[in-house]
Amino acid sequence: MKRLEKLNELLKEELSKIIAREVDVPSGALITVTKIETTNNKISSGIFFSVFESKTGDEETLLKELMRRTPFIQRLLNRRMRIRPVPKIRFVIDKEEKKRERVEQLLSELKS
């Protein structure tokens, strides 16, 4: 496994824990980190996420909340990671996850 892939997996694991345990998510939504894309120079990482079980169903609202909480999340991540520098994080809605869900739904309808 390449070094960048290892870093992405480590970031995904730590951010998933931080979001689940430390961040108060409005509307009781379940936020899942689906993918991490870190730049080759390891300066910044795009954190792709999807939302399940959201009462509001508004991913944009949750994105704004995560962006508002980014400095707090970044500080926690900086403390937990043993690498320097820790990439700067930015949250992105994973549109591909919605497409995958739609394809699965269509396939299950075809089977019925």
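Every number here is computed from the coordinates shown, using simple stated rules; none is lab data. Remember, it's a predicted structure, so these values are computed and weren't measured experimentally. A quick note on method: Cβ atoms are made from the backbone with ideal geometry, for glycine too, and the neighbour counts reach across all protein chains shown.
What is the fewest-to-most order of Asp24, Asp58 by other Cβ atoms lying within 10 Å of their Cβ?
In order of increasing Cβ crowding within 10 Å: Asp24, Asp58.
Send over the Kirkwood Rh of segment 3-111, from the inverse of the averaged 1/r over different Cα pairs, rounded to one decimal Å. Mind dumping the intermediate values first?
Values: mean 1/r = 0.0676 Å⁻¹.
For segment 3-111, inverting the mean 1/r across all distinct Cα pairs yields 14.8 Å.
Need the full-extension length gain, Glu101 to Arg75, defined as separation in residues times 0.36 nm minus the C-alpha distance. One decimal, nm.
6.0 nm
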